[in-house]
Each structure stands twice: as C-alpha cells, then as structure tokens.
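For reference, the structure discussed in these notes is given below.
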Amino acid sequence: RAIHLTSPRAKKPFLDINCAAIPEQLMESELFGYEKGAFTDAKQRKPGLFEAAEGGTVFLDEIGDMDLKLQGKILKVLEDKSFRRLGGAKPVSVDVRVVAATNRDLKKRVEEGLFREDLYYRLSILPIVMPPLREHKDNIEPLSLYFLKLLGAQMGKKIKGYSSPARAALHEDAL
C-alpha cells in the first residue's frame, strides 16, 4: 500500500486480493470478471479486480498459493496488459501495476513445479525481502513497544513501557 500511495498512481484505485483465501473456481472471475451468461448465475457483466483497478495498483497477496493455470493468466496480463473476462470474446486492455507478496519460497516452488518460472521472473523485478521476526529477535521489544504506545494513544492512555514480567515474557524462547 505504501508503494501505491507514494507513486503517481496514488489517486487511482488500490485493490487487493488474498490468493489463498478464495477457492480456485472463484478466483478467475474475481480477477478478470465475467460476461452476462458466462455461467448459470451470471445475470449481468461484472468487472474483475484488474478492470476495477484501472490506472492503479493490484496487490496479489499470497500469490505463492495460486493455481498454475491462473498463474498463466496473470502472466498474460503482465505481458500483454490485457485479458478476457469469463465468457468474453474481446480482450480488455488494462493499465495496472501489480505488486505481489507471499510467505512461500517462490524459487523453491518453481523447482518443485508449483510456480511458473516465467511468472516468477516477471514478478521478481524489484523484490523486497522481509525476513521473519523470529530471525530478528532484537526487534521484538521496540516494535511491540511502538504498537503498545500506538494502541494506548488510540485509547487515550499514555503508555511508558513494559512491566518487568512483560519484558521477560517478550524474551522467552517461545518468541
């Protein structure tokens, strides 16, 4: 979202979708929309996420869990800047930025045949790697204190810090 808000696309839509949260059967219609009559309940044309985000940004969260067939369709949008709605014959042109995130090791998934290599390289133009917090335990206390103070401010309370038992709990092996 920060990338979108600090770009020339900031006044255009920012739309996101969790690729792991929507069943494969529905994902295509969510991303690309559909034409009236494309399937039984398609009573009118519905634009998809890419069309609705025209000029803005589409954020594909958990793209590492996306079906291979759909990955090919995403690749086509990235390469051709167009797609077809379900049941549609005409291509729909779009101008969108695609930002993707995953907690999966995509290189490994490519090796396992679970992620398209061509899509991996298309998405890896400017990777931002966020290592898990468990690899940076020294950041746990300052981050949690920041969020604690932020929450306190929202509740109208001034928070100075942690009690000794709370600080000790932050440093236990469970973290």
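The values are calculated or read from the model by the stated rules, or taken from the named source; none is laboratory data. Given the structure is predicted, the values throughout are model-derived calculations rather than measurements. Because the Cβ atoms are built from the backbone with ideal geometry, glycine has one as well, and the counts that use them run over all protein chains shown. Surface accessibility is based on the protein's heavy atoms, side chains included, excluding ligands, DNA and RNA. Shrake-Rupley method; radii C 1.70, N 1.55, O 1.52, S 1.80 Å.
Short version: ³J(HN,Hα) in whole Hz for each residue of the range 60-70, in order, from phi by Karplus 6.51 cos²θ - 1.76 cosθ + 1.60 (θ = phi - 60°), x for Gly and Pro, what are they?
9, 7, 6, 5, x, 9, 6, 4, 4, 4, 5
Explain nothing, just the number: relative contact order of the chain, from Cα pairs under 8 Å at least 6 residues apart, as a whole percent.
18 percent
With +1 assigned to the C-beta of every Lys and Arg and -1 to the C-beta of every Asp and Glu, and no other charges, what is the dipole magnitude of the range 5-86 about the Cα centre in debye, to the nearest 20?
With Lys and Arg at +1 and Asp and Glu at -1, about 500 debye.
Using a 1.4 angstrom probe on the protein heavy atoms only, line up 125, 3, 74 by accessible area, largest first.
The residues order as 125, 3, 74, largest area first.
Ordered by residue, what ³J(HN,Hα) values in Hz, to whole numbers, does the range 96-102 give under the Karplus form 6.51 cos²θ - 1.76 cosθ + 1.60, where θ = phi - 60° and Gly and Pro are x?
9, 8, 10, 10, 10, 9, 7
List every residue whose amide H lies under 5 Å from the amide H of residue 100, counting only residues 5 or more places away in sequence or on a different chain, with H placed 1.01 Å from N in the peptide plane.
60
Tell me whether the range 1-105 comes out rounded, prolate or oblate; compute the Cα gyration tensor, take square roots of the eigenvalues as a ≥ b ≥ c, and use a/c under 1.5 as the rounded threshold.
oblate
What number, rounded to the nearest 500 deg cm²/dmol, is the helix-based mean residue ellipticity at 222 nm of the chain, given -39500 (n - 2.57) per DSSP H run of at least four residues and division by all its residues?
Result for the chain: -10000 deg cm²/dmol, rounded to the nearest 500.
If packing is taken as the mean number of other Cβ atoms within 10 Å per residue, what is the order of 50-63, 130-143, 27-40, highest first?
50-63, 27-40, 130-143
Whole Å is fine, so just give me how far the alpha carbon centre of the range 116-173 lies from that of the range 1-23.
Centre-to-centre distance over Cα atoms comes out at 22 Å.
Of 137/158; 11/90; 81/107; 76/107, which ones are farther than 23 Å apart at the Cα?
137/158; 11/90; 81/107
Once you keep just the Cα pairs under 8 angstrom separated by 6 or more residues, what percentage relative contact order results for the range 1-83?
About 35 percent, as a whole number.
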